[in-house]
């Protein structure tokens, strides 16, 4: 094991960096790219909204070095949040591939028009997004599939950080 991975702050820092990159990418596709997330896509973001602030607190505490048990407990909470994210991602990706049915009520509306226009005119501009249709794939995985992979990775990193063996105290030789 490398010296870097033995440090208390490594796991929360890695979770924080990868998690932030992931959620910022999702927001980028939505805001800049115009991608409209479905209801399950929005639910897959919740573990980031829960797990990343907890990872930040774990990082701050680990840098001070005063509460290693608290850091471990926080990393377990982070792991649980991303386990939920991985589960939702696998569920949606499986529904997209037709392995099982998706939720019957899944759809997110987007669009609408100017509030000053008639209701019928606004309805013409509404797009409903299905949770069972992948609108984008990279290397065969949809957004949901990639979220399952990233969430599972963050789950494992947080667990590794929580249950790693404590580093033995080092004796410094003074020559």
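The values are calculated or read from the model by the stated rules, or taken from the named source; none is laboratory data. Worth saying up front: this structure is predicted, and the values here are computed from it rather than measured. All Cβ positions, glycine included, derive from the backbone under ideal geometry; neighbour counts span all protein chains shown.
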Every residue in region 128-151 that is farther than 17 Å from residue 85 by Cα and modelled with pLDDT of 65 or more, please. 133, 135, 136, 139, 140
Over region 40-72, the set of residues more than 13 Å from the chain's Cα centre (by Cα) and without any contact (Cβ under 8 Å) to a residue 24 or more places away in the chain is 57, 60, 61, 64, 66, 67, 69, 70
